[in-house]
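The values are calculated or read from the model by the stated rules, or taken from the named source; none is laboratory data. Everything quoted here is computed from the prediction, not taken from an experiment. Virtual Cβ from ideal backbone geometry, glycine too; neighbours counted across all protein chains shown. Heavy atoms of the whole protein, side chains included, go into the accessibility calculation; ligands, DNA and RNA do not. Shrake-Rupley method; radii C 1.70, N 1.55, O 1.52, S 1.80 Å.
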Protein chains: 2
Amino acid sequence: MTNKKLLDGPLSVKPRPRPTGNLHDWLARSIGERILAGEFVPGALLPNEAAWGRIYDVSRTAVREAIKTLTGKGLLLSRPKIGSRVEPRDRWNLLDRDVLTWHRSAIDRRSFAASTQEARRVIEPGVAALAARKRTVEQLDRLIAAMEAMRNAKSVQVNVAADLEFHEALLQAANNDLLMPFGIIIEQALRNLFDYTSQRNPRLSIAIKLHEKIVHAVIDQDMEAARQAMLRLIDDTDAVIAATSPLKK
Amino acid sequence: MTNKKLLDGPLSVKPRPRPTGNLHDWLARSIGERILAGEFVPGALLPNEAAWGRIYDVSRTAVREAIKTLTGKGLLLSRPKIGSRVEPRDRWNLLDRDVLTWHRSAIDRRSFAASTQEARRVIEPGVAALAARKRTVEQLDRLIAAMEAMRNAKSVQVNVAADLEFHEALLQAANNDLLMPFGIIIEQALRNLFDYTSQRNPRLSIAIKLHEKIVHAVIDQDMEAARQAMLRLIDDTDAVIAATSPLKK
DNA sequence: GCAAGTGTTATTGTATGACAAATAAAAAAC
DNA sequence: GTTTTTTATTTGTCATACAATAACACTTGC
C-alpha cells in the first residue's frame, strides 16, 4: 500500500478495516453488501473507479476487477463516460451464493425465512415429483444414504448436514440442470432454520418421518405421493419457525 | 493491438475473429462459451492468463477482467500458482442471462426445450398460485394490460412480446424476490418456442383463452384455479412443441 | 430563436511493466 | 525415509499512459 494519494480532507467517507485474502474479492464483497443493503439503489450511479480507489485506498486495477465480479453477478452495468450503474433488481443473480448471502444479511431474519419457505413451497414439491419420476438407482442410493445419516445423527450439526445432503440429493435426482441453482435457497432456508432453533429440534422425530415418506415415494416412483410428502415437510418447517419467538434477535 | 509477442509456431491454437464492443466482455463470452461447450470440464485447469493473452492477442489486463466476470458467474476459481480451475457444475449460475445463453447454444434445441418446459412445470403453477394470493392491484393491472396487448397483437413479434410481459408480470405479482431469477427460464422457454413455430401459432386463440383463465383466477385470488390454469397452459405449449418436426434443424 | 454540427471533458477501456504473495514441486538436509 | 529449504510458476496488486466513448456545453448557420 504505497498509495500516496490518500484522501486528505473531511471527504474521506469510509473506514478501511483492511482485510484478509484477495483484495478484489474483499472489495467486491464490500461494495456488493452496500448495494444489497440499499445504499445504492437500482438506477443509481456508483462513485467512479478512481473514487473507490481513494475510498478504500486501493489501485484502480483492484477496483475494476471487483466491479467486473459484481457486473458478472448482474448487479452493475458500466459504460464509458457514464460510470457504473446499479442494474434493476430483476437483473440481479439473487441465486448466486454471494449475492444471496449479502441479501440475507441485509434484510431481517424473519422475512428472509418467510421468503425462502415460500419459494421452497413453490418449487420443492415439483422437484420431489420430478425426482420420483426420473431418479436413477445411483441417485436413489444417495438419497437413502442421506436418510440413513439423518436417522443416525448424534449431534445437531450432523443432522443439519444430513438434511442438506438429503435435499441436495433429491434436487440432483430431478435431473434438470435448470433447477439446480435453486439448491442454494434450500441450503439457506435450512441454515436459517438451524439458526432459529439453534438447539436440538424438538420435532426431530416428526421431521425424520416426513423425510422417510418422501424417500418411499421416490422409491415407488409415485410423483403425487412425493409432492404431497414434500408439502407436509415444508408445513412442518413452517410450524417450527412459527413456534420460535418473533422477537428473537 | 501492439502486442509483439504473437505466437510464432504451430502452437497457435485458435482463430481470433476480433470483435465489436468491449474486449473483456467479448473475451468472457468466448471463454464462457468454450466452458459451456465442454471444452474445459469441471475440475480442469484453464490456460494461464498470459497464455490467453497470446491466444487472443490481448493484454493480461483484459484477460483478468474477463476471468473475474466468469468467476463472478460461478464458472471459475483462481488461485496463485495453480491457475483458474473450472468449478463443479452445481456452482455455475445457470440462471445468469449469459450463462444460460451459452448453455443453450451448447446443447441441442430439443433437449433445451424439454428442460425449460420441465422447469416451468415445476415452478410456474406455484408462481401463479402465489400471484393469485399476493398480487397488488397495480400488479393485477400490469397483468391485465399484458393480456390486452396479447389479444390485440397483430404480428407474431408483438404477440411474443406480450406473452413475455404476461409471464414477467405474473412472476412479479408473486412478490417473492427469490423467484425472480427464474424469469429467465420462462423467457428462454418462450423464445425457444417462438423459434420452433417461427410462424403464426395455429393454436393462438387457444393460448389466449388459457392465459385469460389465469387472469381470471388471479382476479378472483383463487390459488388453485390459477395453478390449474397455468398447468393447462404449459400442457398446451408442450403440445405445440410436440407438433413440430423433431428433425427440424 | 433554434437546429445541427462541433468540440470539450469525464469516465471507462486497454496496454505495459514491475513487483508481491502464494504455493506446488523440486531439491537439500537430516 | 522424512523433514526442511529452495525454487519456480501463477495469480494478485500497483502505477502510468493513452484510447474510446458519449454526455454536455458551445458554436455556427439559418
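Structure summary
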read-out	value
Accessible surface, the stretch A:107-243, averaged per residue in Å² (probe 1.4 Å)	41
Exam field: A:Gly43 pseudo-label spacings to other copies (7 Å along Cα-Cβ), nanometres	4.9
Acute angle (nearest 10 degrees) that the helix B:183-197 long axis makes with the longest principal axis of chain B, alpha-carbon atoms	80
Model label zone, A:Glu212; criterion: amide N under 19 Å from point 7 Å along Cα-to-beta-carbon; scope the stretch A:218-240	A:218-222, A:225-237
Mean ellipticity per residue at 222 nm, deg cm²/dmol - from DSSP H runs of n ≥ 4 across chain B, formula -39500 (n - 2.57)	-21000 deg cm²/dmol
For the protein assembly as shown, size of Cβ-based charge dipole, Lys and Arg +1, Asp and Glu -1, in debye	1680
Lys pairs, chain B - Cα-Cα below 20 angstrom, 8 or more residues apart or on other chains	5
B:Leu210, B:Leu233, A:Leu77, ranked by accessible area, largest first (probe 1.4 Å)	A:Leu77, B:Leu210, B:Leu233
Accessible carbon and sulfur surface of the stretch B:12-105 relative to its total accessible area, %, 1.4 Å	51
Top positive-direction residue, dipole computed over chain B with Cβ charges, set B:Gln188, B:Leu164, B:Leu23	B:Leu23
Chain A: angle of helix A:97-106 to the longest principal axis, Cα-based, in degrees nearest 10	80
Probe 1.4 Å, all protein chains present, accessible-area order of A:Phe194, A:Phe40, largest first	A:Phe194, A:Phe40
At 7 Å out from Cα toward Cβ: A:Arg232 inter-copy label distances (nm, ascending)	3.1
3J(HN,Hα) from dihedral phi, the stretch A:146-154, Karplus parametrisation 6.51/-1.76/1.60, rounded to Hz, x for glycine, proline	5, 4, 4, 4, 5, 5, 8, 4, 9
Relative contact order (percent, whole number), the stretch A:100-227, Cα cutoff 8 Å, 6+ residue spacing	39
Teacher prompt: A:Arg85 distances to equivalent labels in other copies, 7 Å Cα→Cβ, nm	4.0
Probe 1.4 Å - accessible area at B:Tyr56, Å² to nearest ten	10
Surrounding net charge for A:Glu33, when Lys and Arg each add one and Asp and Glu each subtract one, Cβ distance under 11 Å	+1
Interface area, B with A, accessible, probe 1.4 Å, both sides summed, Å² nearest 100	3200
Inter-label distance, nm, simple model (7 Å from Cα along the C-beta direction), B:Ala161/A:Arg85	2.0
